[in-house]
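The block underneath contains the structure these notes are about, expressed in structure tokens.
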Amino acid sequence: MKRWWHLPVAGFTATRRWLMWVALAGVCLQLFFVLRIALMAWVAPHSTAFMRSEAWRRLHAGAGASNPPAPARPWAQVWVGSAQISPHLKRAVIASEDDGFANHLGVDWGAMESAWSRNRQQAQRARQSGHSPPPKVVGGSTITQQLAKNLLLSGERLLPRKAQEMMLSYLLEAFLSKQRILEIYLNSVEWGDGVFGAEAAAQRYFGVSAAQLSAAQAARLAVMLPAPKTFERRPNSTYMNRRTETILARMPNAVLP
């Protein structure tokens, strides 16, 4: 086997040039991310990487299938300012997804470790009892991490993508205020098939604006976030109702930024 020092000079030069181009492309991508995030302090991102992937999926759903699926529900997203989103929903989402949101710098390492341990224990108990694993109560990702993933990254569960997500989370926290991060998150997060943002979710499920959501309605929307398409189909499941009561109880202690 030839070692790198045995390679012809021309081949080594071409390899080095290729590596330099790859490194340059990586640097340019990071600069793009920095500029995109910095602009979000003033410009609302009306679409995200996740929204575009969902639009593509819906466009090509059933292509080539012998029995095409039923028509998808209309796409719904309406951007509203933070003042037009009920404080109940802000508290509910923080209580459900990231109770340390006001204090961490983008990544909550303690919450991630606790979530991994809890999910592992739940899966182990489920296997021992012969039941399917229960819905994940806590995923460990902060609101900032979820926003970073939805805004700019793919949905692949790979270690390099997770590392990129964490770096982008720190950038979001460096360039944007907590209030702005929460505002963008609540306007872009998925709340069902083709339902994005608090205003569209409030109108779809309760027939009110995001500003008019009650505490109970807000808690129910917050419970949907880990698996919105699933809970959209099972709105009155036992887990949904119990988890809504849990979030309602936690909401008074949720700290708004």
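Of the conditions (1) more than 19 Å from residue 143 (Cα to Cα); (2) at pLDDT 95 or above; (3) touching a helix residue (DSSP H, G or I) at 6+ places or on another chain (Cβ under 9 Å), residue 193 fails just one. Which one is it?
Only one criterion is unmet by residue 193, namely (2).
Among the residues of the stretch 218-240, which ones are surrounded by fewer than 21 Cβ atoms within 10 Å (Cβ to Cβ), in contact with a helix residue (DSSP H, G or I) (Cβ under 9 Å, 6 or more places away or on another chain) and in a helix (DSSP H, G or I)?
Hits for the stretch 218-240 are 228, 230, 232, 239, 240.
For residue 26, indicate whether it is within 17 Å of residue 168 (Cβ to Cβ), outside any loop (DSSP other than H, G, I, E, B) and at pLDDT below 80.
Considered against the rule, which asks whether it is within 17 Å of residue 168 (Cβ to Cβ), outside any loop (DSSP other than H, G, I, E, B) and at pLDDT below 80, residue 26 comes out as yes.
Which one is modelled with the highest pLDDT, of the residues in the stretch 54-77 that are aliphatic (A, V, I, L, M), within 26 Å of the chain's Cα centre (by Cα) and within 16 Å of residue 229 (Cα to Cα)?
So, considering only residues that are aliphatic (A, V, I, L, M), within 26 Å of the chain's Cα centre (by Cα) and within 16 Å of residue 229 (Cα to Cα), the one modelled with the highest pLDDT is 55.
Please identify the pairs in which a residue from the stretch 82-101 that is under 16 Å from residue 224 (Cβ atoms) has its Cβ atom under 6 Å from the Cβ atom of a residue that is of a type outside the set (A, V, I, L, M), counting only partners at least 6 apart or on another chain.
94/101; 95/250; 98/142
The values are calculated or read from the model by the stated rules, or taken from the named source; none is laboratory data. The model shown is predicted, which means the values in this text are computed figures rather than measured ones. Cβ atoms come from the backbone with ideal geometry, glycine included; neighbour counts cover every protein chain shown.
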